[in-house]
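Single-structure report; data block below.
The values are calculated or read from the model by the stated rules, or taken from the named source; none is laboratory data. This structure is a prediction, so every number in the text was calculated from the model and none was measured. For neighbour counting, all protein chains shown are included, and Cβ atoms are generated from backbone atoms with ideal geometry for every residue, glycine included.
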């Protein structure tokens, strides 16, 4: 009897040797997808939607949620390669752009937290009056 293959047999996120996501290095996304590609090939994950799920299962929840909003993730007609290209575009951009969407996303998040802190400081000052 041949060994079990497919999405259900993929290693868990907590297992050793699974693809690792490095949030601090946006250029590691390409290596991450190379590792996922090797894994889905090794476990013979043929279904396109399951291949995309496999790519998303080893990243933090907030990144998985972001990726699940991509049309290429939800659309069965879009391939794993289409999804991978969308993710790479988000993190790496292209040669013409100095900043990527992920750079802007981080900037807006950081700024909104800063503005929230300023609002809280003003609110506390107002209460002290």
Those residues of the range 1-20 that are within 13 Å of residue 54 (Cα to Cα) and either exposed (fewer than 11 other Cβ atoms within 10 Å of the Cβ) or touching a helix residue (DSSP H, G or I) at 6+ places or on another chain (Cβ under 8 Å) (or both) come to a total of 9
Screening 88, 92 for residues that are within 11 Å of the chain's Cα centre (by Cα), surrounded by 12 or more Cβ atoms within 10 Å (Cβ to Cβ) and modelled with pLDDT of 70 or more leaves only 88
